[in-house]
Amino acid sequence: MSLSISWRLLDITAKGDSSLLASDKQPFVDINDLKRDDLAPTIAATWEEDFFPMDGSMPLFPDEPEGLPWGWWSRSMSDLNGVFAAPPELTITFTENHTSVGLTFDFYSPTDDYCSEIRIRWYDAADGLLADKTFYPDRPRYVAYHLVENYRKIVVTFLRTAKPYRYVKLTGILYGAIKEFTDADIEEATLKEAVNPLSAELPYSELMVRVFSEDEDFAITNPKGIYAALQQRQPLLVKAEGRELGTYYLNEWSSTAEISTTLTATDLLGVIDKTDFLGGMYSNVPAGDIVAEIMASAGAEYEMDAALASVPLSGWIPVCTHREALQQVAFALGAIVTCGRTDRIHIQAPTASVAAHISYDRKTYEEKLTLRPLVTGVEVTAHSYKPETQEKELYSAELSPGRHDILFSEPVHGITVTGATLVSTGANHAVIDVSVAGTVNIAGKGYIDNTQLFGVYAASLPAGEKRNVLQIKDATLISPANAKAAAQRVYDYYQQRYENELEIVTAEGEQPGQLVTVDSMYGRVIKGRIEWLRLDLATMIATGGVVGVVE
């Protein structure tokens, strides 16, 4: 089994906030290449010693090198011993404080060239020296581990090259380190995934990995270790058997022994459940515009089916988490939401084609078949929000000078403020600026929620069955325009009554949300959607649940 987990212990905001300066540089390079994440350095022959093989394997240096991706090349060249007479320096400044466990340097891997001695100095906002340390790289990608907190400037001095008569060639810099765990390090790893086909809720995936490490940097109690530099959205990239299994973001780090560390992480849906969306009132707004607003506020990457994005929606989203807001949109659309083992959120229509067949020879005897209760009807409440014309008091309080965010429990419009200046407003909030301490009054107009019931019911009941009607009342983007379709969709789902819990010995890429067929008990075949999986990443044995019908 080949399992690897790449933990990106990076200050993810530092690169975008950086300004780079090097007076010692070749005229054709653009030092801002070092801010790129995708730089593939240009390979070309130079007159550096033992650099230009005569076998034709090295491309000639271009006549017009400007504009090509080089990274940073110094103008100065090292001497016979690899030492610089006047060592080139790279100065990096920031507008905000940053913290990282060190710096990762990408030198020039195409020819195995790197600097073998560098000095790094970190400074604070007042230009005070925070740390001064010399490192001795031994390969083209080198991590200079040294935890420094709240730095505003870094000065890197390149003292020596590993080979004589070389320029400094730097093709990338990361503010932190990438820690790689492989089979030898990983004691246990599981991935729990789930999807709700109706988007009545949006489950998120959870990764748990326990690693063996004698590295003191992993000790939670070490004030200079990795733990001190942890930030939100520290990503872990997972691969098994060469297959990408997604990006997960650190949620908790714990240790039960000095040499054993447990990391838990969630996918992007779990991340956006920790931040709030201010909501809004919408009238025939394309669903794609609403999703774009939610995702921009959350700072999350996503993909959405174009057909779903064009569907107009009307209704209200209250103040809630970004995940809860996305759930309201997805339920109204009948969309499935999942991260799909990638680094982004996917909003898509349920697939109608069968993705895989799970045959008897791919299963163990650990199997359970359950018949879910019969749902005989579904009633969905549609909401129509009509603006009121009568003004009323929304808020009154003594406030100190400064900016204040005021949240409302019900949607409002036409807001007026006394005792403060109104900075911005929405259906659920107002931002005000108080110049002098005193009483602030906010008035505005509300909305009337005209509700209407839409239902779908079984034409007849089996003998002995009682009515079992499911009611959905709080889907606030369900309007008279889409309520009937939503009720039918929910009713149809609950007619799929067979839940097959099984263990798959050879998982072949199946994941929640896919439509599959399963060889089940008594020679029957279940056709349904995978709703949850628990995957042992060490063995790739999966326990899962498929909900569907007997074919």
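The values are calculated or read from the model by the stated rules, or taken from the named source; none is laboratory data. This structure is a prediction, so every number in the text was calculated from the model and none was measured. Cβ atoms come from the backbone with ideal geometry, glycine included; neighbour counts cover every protein chain shown. Areas reflect the complete protein model, heavy atoms only, side chains present, ligands, DNA and RNA absent. Shrake-Rupley method; radii C 1.70, N 1.55, O 1.52, S 1.80 Å.
General observations
- All conditions in (1) under 30 Å from His413 (Cβ atoms); (2) more than 19 Å from the chain's Cα centre (by Cα); (3) small (Gly, Ala, Ser) hold for Ala298, with the sole exception of (2).
- Residue count for the stretch 293-329, restricted to those that are of a type in the set (A, V, I, L, M, F, W, C), open to solvent by less than 40 Å² (accessible area, probe 1.4 Å), closer than 26 Å to Leu407 by Cβ and not in a loop (DSSP other than H, G, I, E, B): 10
- For the stretch 454-485, a residue qualifies if it is closer than 17 Å to Glu201 by Cβ, β-branched (Val, Ile, Thr) and open to solvent by 30 Å² or more (accessible area, probe 1.4 Å), and exactly one does: Ile472.
- Check on Ile290, touching a strand residue (DSSP E or B) at 6+ places or on another chain (Cβ under 7 Å), open to solvent by less than 30 Å² (accessible area, probe 1.4 Å), modelled with pLDDT of 95 or more and within 16 Å of Ser205 (Cα to Cα): no
- Meets criteria (in a loop (DSSP other than H, G, I, E, B), open to solvent by 80 Å² or more (accessible area, probe 1.4 Å) and of a type outside the set (Lys, Arg)) for Asp38: yes
- Of all the numbered requirements in (1) out of contact with any His (no Cβ under 7 Å at 6 or more places or on another chain); (2) in contact (Cβ under 8 Å) with a residue 60 or more places away in the chain; (3) open to solvent by 30 Å² or more (accessible area, probe 1.4 Å), Thr451 misses one, and that requirement is (1).
- Pair list, Cβ under 7 Å, 6 or more apart: the stretch 414-438 residue of a type in the set (Asp, Glu), other residue open to solvent by 20 Å² or more (accessible area, probe 1.4 Å): Asp433/Arg403; Asp433/Ala420; Asp433/Thr421; Asp433/Val423
- Taking the stretch 487-551 as the region of interest, the strands (runs of 3 or more DSSP E) fully inside it that hold 1 or more residues being within 17 Å of Lys192 (Cα to Cα) are 498-504, 525-536, 541-550.
- Here the stretch 161-215 is the region considered, the condition is being farther than 22 Å from Leu237 by Cα and of a type in the set (Val, Ile, Thr), and the residue that is farthest from the chain's Cα centre (by Cα) is Thr161.
- Complete set of residues in the stretch 167-189 that are open to solvent by 10 Å² or more (accessible area, probe 1.4 Å) and within 30 Å of Val337 (Cβ to Cβ): Ile178, Ile186, Glu188
- Number of residues in the stretch 486-524 that are more than 30 Å from Arg210 (Cα to Cα) and exposed (fewer than 15 other Cβ atoms within 10 Å of the Cβ) equals 6.
- Filtered residue count, the stretch 269-287, keeping only those that are assigned to a helix (DSSP H, G or I), among the small types (Gly, Ala, Ser) and open to solvent by 40 Å² or more (accessible area, probe 1.4 Å): 0
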